[in-house]
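**Student:** Below you will find the structure I want to go over with you.
Just so you know, all these numbers are worked out from the coordinates, no wet-lab data involved. What you see is a predicted model, and the numbers here were worked out from it, not measured in a lab. No Cβ is skipped: glycine too gets one built from the backbone with ideal geometry, and neighbour counts run over all protein chains shown.
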Amino acid sequence: MRDMEPENEAAWLAAIDRNLQLWIDNLGRTVVAELDTVVVGYEMWSRTGTTSTLVTLNVSVDFRGRGLGAQLLQRFGSDAIAAGAGHLELGVHSRNRARRLYEAAGYRQVGVDGDYLLYELPHGSLRSGAGAEGLDSKE
């Protein structure tokens, strides 16, 4: 956590029990991305009915700006659709620059929850696609 999201460490520690359970419950829907055996990022999603929610997506600071976040986001969508998702959603802190990634991928803001912006992918945008090309992933 300190290496991947140092600015969020205090908030995570305050909610550690809830977050731990979330990670345990969704470990099977977690992808760890590697480039040349170096861990460069990860994504995790959850599912309730036909709705799949991106729980977290993170790329190591030294590897940002190379399209890896877009590849992990595509992998989330592909995996969720393959598992029967009819609706994709996510939340992102209002100050997080990743919101531009989500918007570029077609996600549209549909609400606000405190400091978080809520996004969903419009229904017509759901399509199965290739996984994260160029990344080795471990599930």
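**Student:** Just how far, in whole angstrom, is the stretch 87-114 from the stretch 25-69 if you go by their alpha carbon centroids?
**Tutor:** 15 Å
**Student:** Continuing with the same structure: Please list, in chain and number order, the residues 5+ apart from His87 or on another chain whose amide H is under 5 Å from its amide H, with Hs placed from the backbone.
**Tutor:** Distant-sequence amide H within range of His87: Ser52.
**Student:** Another one. Note down the nm distance, to one decimal, between modelled labels 7 Å out along Cα→Cβ at Tyr116 and at Glu7.
**Tutor:** With each label point 7 Å from Cα toward Cβ, the separation is 1.7 nm.
**Student:** Turning to a different aspect of this structure: Report the gain in length on full extension from Asp62 to Arg18: 0.36 nm times residue separation, minus Cα-Cα distance, nm rounded to one decimal.
**Tutor:** 12.9 nm
**Student:** Then there's this: Explain nothing, just the number: relative contact order of the stretch 1-96, from Cα pairs under 8 Å at least 6 residues apart, as a whole percent.
**Tutor:** Relative contact order, the stretch 1-96: 22 percent.
**Student:** Given (1) 15.1, 47; (2) 14.4, 39; (3) 17.9, 61 as candidate values of Rg and Dmax of the Cα atoms in Å, which corresponds to the one derived from the coordinates?
**Tutor:** Label of the calculated value: (2).
**Student:** Want the number for Arg97 to Ser125: 0.36 nm per residue separation, take away the alpha-carbon distance, what's left?
**Tutor:** 7.8 nm
**Student:** Compute the signed sum of charges (Lys and Arg +1, Asp and Glu -1) over the other residues within less than 14 Å, Cβ to Cβ, of Arg100.
**Tutor:** Summing Lys and Arg as +1 and Asp and Glu as -1 gives +4.
**Student:** If you don't mind, another one. Please compute the length gained on full extension between Thr51 and Glu34, using 0.36 nm multiplied by the number of residues separating them and subtracting their Cα-Cα distance. Write out the running numbers ahead of the final one.
**Tutor:** Numbers: separation 17, 0.36 × 17 = 6.12 nm, distance 2.74 nm.
Here the answer is 3.4 nm.
**Student:** Can you compute 3J(HN,Hα) from phi for each residue in the stretch 85-99, using the Karplus curve 6.51 cos²θ - 1.76 cosθ + 1.60 with θ = phi - 60°, rounded to whole Hz and x for Gly and Pro?
**Tutor:** 5, x, 8, 10, 9, 7, x, 9, 4, 4, 8, 7, 5, 5, 4
**Student:** Same structure, new question: Mind sorting Tyr42, Tyr116, Tyr107 by how few other Cβ atoms lie within 10 Å of their own Cβ, fewest first?
**Tutor:** If I rank by nearby Cβ atoms, fewest first, I get Tyr116, Tyr42, Tyr107.
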